[in-house]
1. Output the antiparallel fraction of DSSP beta bridges having both residues in region B:114-196, as a percent to the nearest 5.
2. Using a simple charge model, +1 on the beta-carbon of Lys and Arg, -1 on the beta-carbon of Asp and Glu, nothing else, what dipole does the protein assembly as shown show about its Cα centre, in debye to the nearest 20?
3. In whole Hz and in residue order, list the ³J(HN,Hα) couplings for region A:620-625 that follow from phi through the Karplus curve 6.51 cos²θ - 1.76 cosθ + 1.60, θ = phi - 60°; x for Gly and Pro.
4. Which aspartates and glutamates, on any chain, are close to B:Lys69 with Cα under 20 Å apart, when same-chain ones fewer than 8 places away are left out?
5. What average count of beta carbons from other chains do you get within 10 Å of the Cβ of residues in A:28-36?
6. If you build the Cα gyration tensor of region A:630-688 and take the root of 5 times each eigenvalue, what three semi-axes come out, in whole angstrom, biggest first?
7. Please name whichever of A:Thr306, A:Pro643, A:Leu711 sits farthest to the positive end of the charge dipole of the protein assembly as shown, dipole taken about the Cα centre and charges placed at Cβ: Lys and Arg +1, Asp and Glu -1.
8. Read phi for every residue in region A:640-657 and hand back ³J(HN,Hα) as whole Hz from Karplus 6.51 cos²θ - 1.76 cosθ + 1.60, θ = phi - 60°, with x for Gly and Pro.
Amino acid sequence: MTNHWRDIKHADVILINGANPAEAHPVGFQWFVKAKLDPTKGPGGGGGAKIIHADPRYTRTSALADMYLRIRTGTDVAYFGGLINYVLRNNLYHEEYVRYYTNASFLVKEGFAFTDGLFSGYDKATRSYNTSTWVYETEGDPLPGPAGTTQAHAKRDMTLGHPRSVFQLLKNHYARYTPEMVSSITGIPVDQFNAVAQIVGEMGKPDKVMTIVYAVGLTHHTTGGQLIRSGALLQLLLGNMGRPGGGMNAERGHANIQGNTDHAISWEILPGYLRIPAPGQKTLDQYVAASAAKKSDPNSWNFFGTNYKNFMVSLLKAWYRGAAQPANEFAFDFIPKPAVNSSWMSIYDQALKGKMEGVILNGMTATSIGPDSNQVLQGLSKLKWLVIMDPLPTTSSEFWHAPGMDPSNIQTEVFMLPTTHWIEKDGSFVNSGRWSQWKEQVIPPEGDARHDHWIFADLFDRVKTLYRQQGGKFPDPILAMTLDYADTKKPTLDEIAREVNGKDLNTGLQMTSFANLKADGTTTAGDWIYTGSYTPAGNLMKRRSGISDPAKNDPTGMGFYPNWAWSWPLNRRVMYNRASADLAGKPWDPKRPGIQWNGTAWVGDVPDYPVNMDPKDPAAWLPFIMNGEGVGRLFSNSMNDGPIPEHYEPIEAPIPNPLHPNQSEDPVAFLYDQAAGRPNRFGKVDKYPYVATSYRLTEHEHYVTQHVPLLVGLQPQAFVEVPQELADEKGIKNGDRVRVSSERGKLEVAALVTKRLGPMTLAGNTKVYHIGIPIHWGFVGISTERYPELAKNWLANALTPFVGDANARTPEFKAFLVNIEKIS
Amino acid sequence: MTEITRREFLKLGAAGTAGVALVPLANPLGFDLAAAKKRAVEMRIAGAKEVHSLCPYCAVGCALIAYTKEVNGKTQLLQIEGDPDSPVNEGRLCPKGAAAMQLATSSRRVDKPLYRAPGSKDWEPKSWDFMLDKLAQNIKASRDNSFVAQDANGNIVNRTEGVAFAGGAAFSSEEGYFATKVMRTLGIVHIEQQARV
């Protein structure tokens, strides 16, 4: 989230796409309801907000929304694109914000084009773009960049009238997204779309603010990255980024998915979103030159890019203290440099190719998560060894004797290591709103269970001993890794939290801000975005000055509660908050200030800006300090499938793309099977005429709750939701057993016949049904033990396609084709 | 009789205690029932220690208060509820969070390390030493088998291609940071979490 849960109550309009907060984040949803209902606050202050929910399924979120739109899954770029077109066509954008706070005025170099569904530079053979035409026209002297690089000054036309200005390019691009086109793609009736457009169009007024809330219903698509960018574009045009009550807010689905993304359990990054180095980068300067953003305007601070090397060296000093010296580029060679994408699906892809020997699954079950569970099971069967670290059995720990598997044919050695529960240890969880909250240990570890980090430390110690005794490939980093803990086999989470924050090696004092980190090897920071969380004043994540005393604990009255836990970066509660105030530093809406200039300083939230920088100073930085442009990017060359979001159909789609039928799907979506020389297994409407989407229920959290009796009691059996009209056509009655099949697998479960799903009409009068699939069941857990005969085909992800988003390689869990039949 | 929540009940109970002279008019519940219910609540967490935790499920980040008691030298978990002081949840919990205690005290836990040999039809209970020694050997062997020090272009890449690590959406940030540090130090490039899936 750019903002945070409590902040949602400040919105005038809440657009919810690809999410069902009332059921998946029920307690967070109270803030949506407060935005709508709190009578003491009034419109704009937490009362009178309108909730607009676009989802294929009418859920409890829809029930509390002011408007519900039945949208076809995976078509939200068309919906947002239609809203962008409406806002641009009717001049409803936030004029000052767009001109000064976005790159609308930047000119794009001649040669950039978009024709028949393809941007300039596409290479069909490699399914990738050469992005050399997706760049700005430049002028004047080159600007100094990080690590000795330079970048020329981007040319701007502040009238926004130049035909190659980003503003005009956007206008042209989205002119095709008429209400009729939006309707033919999304299935939303034109009059309903127009009614929403009217409400959203009001949100470009400076004293109005809208938030967009989304979840994995937007990310789990081959166009996931662009689905989110299209929402962000709308928010930039309306001037809603950086403001209380605004922003792009991702609801995350696991207790600490945010914290451990920040700490880079992700193939392409190092802690704090530093890029993983690439082959060919021999020095730190080469790494920084290739990874850090560069300035394209003299008034752009480019804070991240400018400090990139400070953060990287401080990380290397945290990891390899004495072995990281200027003479060896601070042990830059110790960091592995991947040749190719190494993300989630790639692990199983490599296993299928016989190139992956061992996998450690820690609180994640590959079998259930999928996609394409049957293919994942084959992948696991080809491993030499598999480790499961979990307190409870999972569909991965038990994969070798799953229904249909023959253990005697599976040579994978399996290690089940029982780990402690969250409540048996301390440490922080970071919520969707980036609040890092510390929890205490409540009870001691159960039985023989061990803490995950103690298992890592002990294992590492044993591996290190083996390298010491026997030698082996490049043992240097293993022998050199800093273990600055009282007991190197049992580090405390307090010690690790201090390491994450970092310290000044000269004074031994904890750092207070990442602004003080250095590239000379005198500072450490395990994760620079957490520098400031554990200062000489102590562990700030432990703070608990809450709502019992709002006058004291919420001094701005904006719900920041700055002394409740700690949020990154630097305890800032709303990111990009310089953009919450106008050029002179006055809040766009004085009722909902983020930060404001009081003549000598920025006050309010922790400013995303130098605290004493006078906004009227001609040398004042532009508002978005973290990127090279200094402004929000309506046009960005950092995406693989286009600088402007375009609607593409899911890989398995019920209709050809109405915008460009000859380029129906995302041209850069990654087809794993095809790339590996295996046949693609995608279904077509002739055999699989129904659109399927998957989701969670309130009573379960992924797969772990299959072990919680109360929750199993509330939702005991696997089922699919079938629209009433389709059920009637097929002779399926509520409670009948049905078989749902895709090109990859099948699901045999009960049918829940419902009016929550219904038919929709798409381009050319095509009638389309959705089938809804809750994800929670498999072959492990209480229900399965109770209904062993029924439970043989309960893995929802047996159906999903093995294909990745063009940018993030996220699987397309949320849109695929199936057939359904009654099991007689 | 209409149902009331425990929180309302406590408020009513407190009001009743403060205004003894007004009972029973000030207490819509009727005095006897209130006293009995209050005593029941008190007994459950009487003398218990309050410990602060967080919900283990989604990422709203609801703050919890856990009540524990030492019984025969063992810490017993008595109850978990939402922390009313949290600006995130203001004491509220969803059905999952409200059932967090059942996850915390599950009888379905794996109680000792289990090993499944290649081709075997069964788990075998093993000691931690057996498991970790064997695993350390596996990790070293797979690392040495699949380690690429230099790629075809002569670039130093120092990567382990044949081992993958995935996890971390359910444990503390500090554990995750430590996992990243260890796995990258082993040269692992396939390192993933729930964020993408």
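Only the coordinates and a few stated rules stand behind these numbers; no lab work does. Treat the numbers as computed from the prediction; the structure is a model and nothing was measured. Backbone-built Cβ (ideal geometry, glycine too); neighbour counts: all protein chains shown.
1. Close to 55 percent.
2. Working: 106 positive and 103 negative charges, 127 e Å.
Its charge dipole is roughly 620 debye.
3. Residue by residue, region A:620-625 yields 4, 5, 5, x, 9, 7 Hz.
4. Answer for B:Lys69, where 20 Å is the Cα cut-off: A:Glu424, A:Asp426, A:Glu440, A:Glu446, B:Glu42, B:Glu50, B:Glu81, B:Asp83, listed by chain and number.
5. Mean inter-chain Cβ contacts per residue within 10 Å come to 2.
6. Over the Cα atoms of region A:630-688, the ellipsoid semi-axes are 27, 17, 8 Å.
7. Checking the options against the dipole of the protein assembly as shown, the answer is A:Leu711.
8. Taking θ as phi minus 60°, the curve returns 7, 10, x, x, 10, x, 10, 6, 10, 6, x, 4, 10, 10, x, 9, x, 4 Hz for region A:640-657.
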